[in-house]
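The values are calculated or read from the model by the stated rules, or taken from the named source; none is laboratory data. These numbers come from a predicted model, not from an experiment. All Cβ positions, glycine included, derive from the backbone under ideal geometry; neighbour counts span all protein chains shown. These area figures cover heavy atoms from the full protein model, side chains too; ligands, DNA and RNA do not enter into them. Shrake-Rupley method; radii C 1.70, N 1.55, O 1.52, S 1.80 Å.
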Amino acid sequence: MNWHGLHLVHVTEFWRTMLRTAGWLLTLAWVLRTYDAIHLLPTVPDLTLPDWDALPEGTPTLTVVVPARDEAEKIGATIEALMVADYVGVRVLVVDDRSTDGTGAIVDAYVEEYARRRPGALSAIHVTELPEGWLGKTFALMVGTENSASDYLLFTDADVLFSPSVLRRALVCAQETQADHLVVLPTVEVKARSEGIVLGFLQVMSLWATRPWMVQEPKARRDVAGIGAFNFVRRDALNEIGGWIPQRLAVLEDVTLGRRMRAAEMRQRMAFAPGMVLVHWAKGGHGLLLNMTKNLFSAFGFQPLFVLLMCVWIFIFFLVPLAGLVWWGTVMQALVILCCIGALYRVMGRASGIDARYAWLYPLGAVAIIFAMLRSMVVVLARRGVLWRGTLYPLSDLRRHNSPFVWEREARKKRDEEIRAKRVARRIAEKAKKKG
């Protein structure tokens, strides 16, 4: 063999070694995350267990704030589910956010009915105009917060169904875990295969963004929880971080609330409640795609580079292992990764209610999410803003309020100012002591 041929052999062997090494490193990452999920997810509180079937201490009050815009089809079922809650301290406040269908009339009919049956248990506020500089839902949440006076607040959506005891159990959990912010993972109703494919993949992918078993750890700065179906907060903690005004233009108001709570070093907790909080996020894959058009680009602070990097990450972590099946040098790693993905579908499915058999179709979910991310980015950039519920919110305004890092920077700045103020006060006290 001549020198040139020998050189090619060495180059080929080099790349084979690199592929094997990269394959084993990717496999190690999957094995570690799967091991943690299998062993540590059971440590997350499960509100269905008898441990939480108790009464909270001191009879704390709770207001359930339900923002609703054009929810005539589902708002009635949500109100009926909330009104059979088995805890006496619950009050429900529906904020009708400029609805153009029959939502307002339906809510008023329920308020009139329960005014006779349970006076004060249900009330409604009708928002007719949206102030400049606010998103509709965030403004509705602010209105609900300011027009209530309870110890705790639950922010939910107008299409969520609750079991009678879940609010009481959540109060007990919040008290026992000393939670300022409690997020309960809902059980997802899957009514179409396309929904299961997309949502099943999202729940597994989310384990790389937020580890539920680490949400309670103050030092786990990136493990942040926030779910619109069940954001449960202590009022004093919400007031301490400034209420809703700082995030008035946050598209993902639920996750943003979690980020702000974490940045302010509030006690954050996550819990499961299989079958106790039901939600159907959207009708079919098309409905999910429309919802994600608004949400996905905002999750990355409306920064195209972050979106592209995430698409590459999904491709490498979820789709490249399939290519590893075609070469003997990486087939073992690929099979281990596929087993890990299947295991995560199963362990997450126990809490979310999504059938673990959708793991067989996870590549379709990965491709769908990549497409949805790119579509969200292109549509928002083309519109120069987010169009939601008939209102266009300019991109120039949204970028300032949707950075995933802005709250940590603001909290760090506040902590630095407090440290400087303490140092100045200490120096003044020391000088006064010397003079005295």
Checking understanding here: applying a Kyte-Doolittle mean of at least 0.0 and a length along the axis of at least 27 Å (C-alpha), which whole DSSP H helices in the chain pass?
3-40, 331-352, 362-383
Give me the percent of the accessible area of region 55-132 that comes from carbon and sulfur atoms, probe 1.4 Å, all protein chains in place.
51
The whole-number value in µm²/s of the Stokes-Einstein translational diffusion coefficient for region 97-239, with Rh from the Kirkwood sum over alpha carbon pairs at 4 °C and 1.567 mPa s, is 72
From the P(r) of region 187-278, could you give the percentage of C-alpha pairs in the tail past 21 Å?
38
Return the inverse of the average 1/r over all pairs of distinct C-alpha atoms in region 334-420, which is the Kirkwood hydrodynamic radius, in Å to one decimal.
17.1
Ranking request for peptides 240-253, 259-272: highest mean number of other beta-carbon atoms within 10 Å first, then the rest in descending order.
259-272, 240-253
Per-residue counts of other Cβ atoms within 10 Å, averaged by peptide: what ranking do you get for 21-28, 82-89, highest first?
82-89, 21-28
Alpha-carbon centroid distance for the pair region 363-436 / region 275-317, whole angstrom:
20
Carbon plus sulfur, as percent of the 1.4 Å-probe accessible area of region 347-408, comes to 64
Thr128: accessible area at probe 1.4 Å, nearest 10 Å²?
120
Arrange the peptides 129-135, 141-147, 318-324 so that the one whose residues have, on average, the most other Cβ atoms within 10 Å appears first.
141-147, 318-324, 129-135
Whole angstrom only: what separates the Cα centroid of region 210-246 from the Cα centroid of region 149-165?
16
Roughly what % antiparallel, to the nearest 5, for the DSSP beta bridges in the chain?
35
Kirkwood Rh in Å, taken over the chain so that all alpha-carbon pairs contribute:
23.8
May I ask you to give the solvent-accessible area per residue for the chain, in square angstrom, as obtained with a 1.4 angstrom probe?
49
On the protein heavy atoms, probe 1.4 angstrom, tell me the percent of accessible surface of region 182-327 carried by carbon and sulfur.
63
Inter-part distance where region 102-129 and region 172-205 are each reduced to a Cα centre, Å
29
